[in-house]
1. Taking only region 193-229 into account, find how many residues are crowded, with 23+ Cβ neighbours inside 10 Å and either touching a Leu at 6+ places or on another chain (Cβ under 7 Å) or hydroxyl-bearing (Ser, Thr, Tyr) (or both).
2. If we scan region 3-12, do we find a residue that is out of contact with any helix residue (DSSP H, G or I) (no Cβ under 6 Å at 6 or more places or on another chain), modelled with pLDDT under 95 and assigned by TED's automatic domain parsing to the domain that holds VAL237?
3. Is there a residue being crowded, with 18+ Cβ neighbours inside 10 Å and among the polar types (S, T, N, Q) anywhere in region 40-48?
4. When the residues of region 131-158 are narrowed to those that are part of a loop (DSSP other than H, G, I, E, B) and not aliphatic (A, V, I, L, M), which ends up nearest to THR220 (Cα to Cα)?
5. Could you identify the single residue in SER161, SER184 that is in contact (Cβ under 8 Å) with a residue 60 or more places away in the chain and assigned to a loop (DSSP other than H, G, I, E, B)?
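The values are calculated or read from the model by the stated rules, or taken from the named source; none is laboratory data. Since we're looking at a predicted model, the values are computed, not measured. With ideal geometry, Cβ positions are generated from the backbone for all residues, glycine too; neighbour counts draw on all protein chains shown.
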Amino acid sequence: MNRVLVTIRRAACAFVLATAASATTMTVTQTTDGPTLATALGAGGGMTIDSAAITNGDDAQFGTFTNFTSPPVTIGDGIVLSTGFAENTTVASHSVFNDPSNNMGVGGTAEFNAYGPAHINSFGNSNDAAALMVNFTLSAPSQVGFDFIFGSVEFPTFVGSFTDSFLAFLDGTAVADQIVFDSSGQAVQVGTTFTSELTTADTNSAFSDPHGLVKLQTFTDTLSAGGHSIIFEVADVNDHILDSAAFLSNLHAGPGPIGTTSTVPEPGSLAMFGIGLACLFAGRRRKRAE
C-alpha cells in the first residue's frame, strides 16, 4: 500500500512540475486572423487598433506568441513575423547548425527593396518577406511605441553578406517613412545591429547560442489624432534561407521610451514550481524516515 501511495505521489509531483514548465515555455500559434493578431499586438491607453492584415508572405510566416518570459531576455505576449515558419521560432527548433532554415518561395516588397540599398549593408534584394499592416486610431495627439525582438540564424556565420532586417513603415512606404533603428541610428539588421546589441544567451527562442537576437524598442514623434498605419516587415536579404524573425509586443500610445518588461517569472508559475519541488522533497524525507 505504501509503495502505491509513493508511486501516486511521485506521479502527481511530476505532473505539477511539468505543468509549471509548460506554463513558462514560449509557444507560437500560427494564424493570419486579423482580429487575433490585432488583439495580441496590444493597444489601449488612447489607441484603438482598427485592423491588421497581411500584405506579403505565406500564411505560415505569421502567428501569436506567449510566455517569452525566461531570463535573461523577456518580452510581453504579442505577434511574430518570420522569414520561415512562425512555429519554428521556439526553442524546440533551436539548432547549433544553420536551422531553422526554410525557403518559403515568396518575394520581397517594393518598399523593402527601395529602402535597402542605402540603409542595409550588402543589400541586393529581399526575399521571403513577412509584412503586416496595422491600422490604428489615436483619440488625441500622442507618440506611439512598441517593444520588439529581432533574431536570426544568419549570426554568426553570415553577418557580412546576408543581412536580414526588420523594418516598419509609418503612414506610407517611402524611404523616409521607415521608423525602426538601432542605438547607432541604423536600420535593424544582422551584422551592424548585432555588433552592439547582441544577445546569444536567450532561452526562449530558436535564436540562441551560437545564433543571436537583439531586444530593442522604438517610439515615434507625436502623431496627430485620427487614423494611422504601420507596416511591420521582416525579410531575408540576398537569399531565401536561414530564418530570421521579429517578435512584436506592447503597441501603444504614450510617451517614450517604453518601459521594459519584467524578467521575473509570473507568480503563478513560481507557485507551481514551489508546490512541485516541495512535493518531491516531502517524498524524499518520508523515504529516509521509513
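1. The initial filter retains those residues of region 193-229 that are crowded, with 23+ Cβ neighbours inside 10 Å, namely 193-194, 202, 204-207, 211-214.
Filter once more, so that each one left must be either touching a Leu at 6+ places or on another chain (Cβ under 7 Å) or hydroxyl-bearing (Ser, Thr, Tyr) (or both): 193, 202, 205, 207, 212, 214.
Residues meeting the conditions: 6.
2. Filtering region 3-12 down to residues out of contact with any helix residue (DSSP H, G or I) (no Cβ under 6 Å at 6 or more places or on another chain) leaves 3-8, 10-12.
When the remaining residues are screened for being modelled with pLDDT under 95, the result is 3-8, 10-12.
Next cut, assigned by TED's automatic domain parsing to the domain that holds VAL237 only: none.
No; the residues of region 3-12 include none that is out of contact with any helix residue (DSSP H, G or I) (no Cβ under 6 Å at 6 or more places or on another chain), modelled with pLDDT under 95 and assigned by TED's automatic domain parsing to the domain that holds VAL237.
3. The initial filter retains those residues of region 40-48 that are crowded, with 18+ Cβ neighbours inside 10 Å, namely 40-43, 47.
Going one step further and asking which of them are among the polar types (S, T, N, Q), we end up with none.
Among the residues of region 40-48, not one is crowded, with 18+ Cβ neighbours inside 10 Å and among the polar types (S, T, N, Q), which makes the answer no.
4. Filtering region 131-158 for residues part of a loop (DSSP other than H, G, I, E, B) gives 139-141, 143, 153-158.
In the following step, the residues that additionally are not aliphatic (A, V, I, L, M) were identified as 139, 141, 143, 154-158.
Values: SER139: 16, PRO141: 12, GLN143: 5, GLU154: 29, PHE155: 29, PRO156: 31, THR157: 33, PHE158: 31 Å.
Step by step, filter region 131-158, then rank; the result is GLN143.
5. Working: SER184 fails: in contact (Cβ under 8 Å) with a residue 60 or more places away in the chain.
Being in contact (Cβ under 8 Å) with a residue 60 or more places away in the chain and assigned to a loop (DSSP other than H, G, I, E, B) holds for just one of SER161, SER184, which is SER161.
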